Amino acid sequence: MIGTVIEDIHKRWEEDNTKPNKDINNYIKDEDFVPNFEQKKVDVMIGLDVAWLASKKIVDRLILVSGDTDFIPVLKFARKEGIQVYIGSKQDKRIHDELLKHSDGVRNG
């Protein structure tokens, strides 16, 4: 989505041959900024980031702020890589037993 918007702006800028010192801001339109609240593959992207950080030993501790049990495989992987994994939670939120089982604890905030 973002790439397409940038490409559209750049195309408008390149197609205008009337001004030698063109300011790119003149080619940005209000309709280029339409909010998109759709979430796709967010958990997959987070999982990949966690796996990459763990495998490269970039971090030694992670705090996952999610109650989604889909993250259990990545928690297991990170812990096998020697990373301490905590679940971030509000104090009044119950955390799924399986998430607790595959983490090093809970950080309340």
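Rule-based calculations on the coordinates, nothing more; no lab input. This structure is a prediction, so every number in the text was calculated from the model and none was measured. Cβ placement follows ideal geometry from the backbone for every residue including glycine, while neighbour counts extend to all protein chains displayed.
Here's the list of lysines a cross-link from K41 could span, going by alpha-carbon distance under 26 Å and ignoring same-chain residues fewer than 8 apart: K56, K57, K76, K80, K90, K93, K101. Between K80 and N26, the C-beta separation translates, for a Förster distance of 30 Å, into a calculated FRET efficiency of about 0.05.
Computed from Cα atoms, the angle from the helix 2-15 axis to the main principal axis of the chain rounds to 10 degrees.
When each of W52, W13 is scored by the number of other beta-carbon atoms lying within 10 Å, the sequence from fewest to most is W52, W13. Residue separation of D97 and E38 scaled by 0.36 nm, minus their Cα-Cα distance, works out to 18.3 nm of gained length. Note: relative contact order over the chain, using C-alpha pairs below 8 Å and six or more positions apart, is 19 percent. Helix 42-55 and the long axis of the chain differ in direction by around 70°, with both axes built from C-alpha atoms. Among the trypsin sites (Lys or Arg not before Pro) found in the stretch 30-64, those both in a DSSP coil and sparsely packed, with 10 or fewer other Cβ atoms within 10 Å of their Cβ, are K40, K41, K56, K57. Here the simple spin-label model places points 7 Å from the Cα toward Cβ, and for N17 and V59 these points are separated by 5.1 nm. Between the stretch 78-109 and the stretch 34-62, the C-alpha centres lie 16 angstrom from each other. Where (1) 13, 30, 18, 15, 16, 7, 1; (2) 11, 27, 25, 20, 11, 5, 0; (3) 14, 42, 35, 8, 2, 0 are the candidate values, the label of the one calculated here for P(r) over Cα pairs in 10 Å bins from 0, in percent is (1).
Summing charges over all other residues whose Cβ lies under 11 Å from the Cβ of D70, with Lys and Arg as +1 and Asp and Glu as -1, gives -3.
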